[in-house]
Amino acid sequence: MTLQTSELKVGDVHTEVVVDDLTRTQIVQYSGASGDYNPLHSDEIFATRVAGFPGIFAHGMLTMGLTGKMVTNYVGDGRLRSFGGRFRAQVWPGDTLTAQAEVVDIRSDDGGAGVVELRITTTNQDGVEVFTGEATATID
């Protein structure tokens, strides 16, 4: 299904659980996929004794990637023009993340294509914002 301009209005919200009970294995798999082997994400002893954290935690870009999946699920593949944001809190093993996209603007670009501007928020199971951002996508 392709998102249509006629189906949208400012204030519309799309919500999706992007990970349920994040596992340590998923975090380590992301290390391999991204090439980011920082021990904060895989070495419990380093994370706790050396760095002083309660344990290992997910890469910020893993959170952003999971959030980005929600955005493309909503607007469709190949339609994302921009996507960016800020990491607000750490994501821990066992967290469940829910991402939300709110329509903040609908317009046409210079070529007449429909464009939607989205405000993005991802929260954990306790309602803590772990990522906030914005996205722009082409729509029909």
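Here, each number is a calculation from the coordinates, and none is a lab measurement. Note that this is a predicted model, so its numbers are computed, not measured. Cβ atoms come from the backbone with ideal geometry, glycine included; neighbour counts cover every protein chain shown.
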Put +1 on the Cβ of each Lys and Arg and -1 on the Cβ of each Asp and Glu in the chain; which of 55, 136, 83 then has its Cα farthest toward the positive end of the dipole?
55
Treat the count of other C-beta atoms within 10 Å as a stand-in for reagent exposure and order 61, 70 from fewest to most.
61, 70
Using the 10 angstrom Cβ neighbour count as an exposure proxy, how do 110, 77 rank, fewest first?
110, 77
When the helices in the chain are scored as -39500 (n - 2.57) per DSSP H run of 4 or longer and the sum is shared across all residues, what 222 nm value do you end up with, to the nearest 500 deg cm²/dmol?
-6000 deg cm²/dmol
When 9, 69 are ranked with the fewest other C-beta atoms within 10 Å first, the list becomes 9, 69
If the convex hull is drawn through the Cα atoms of the chain, its volume per residue in Å³
113
For residue 89 and residue 23 in one chain, what is 0.36 nm times their gap in residues minus the Cα-Cα distance, to one decimal in nm?
22.0 nm
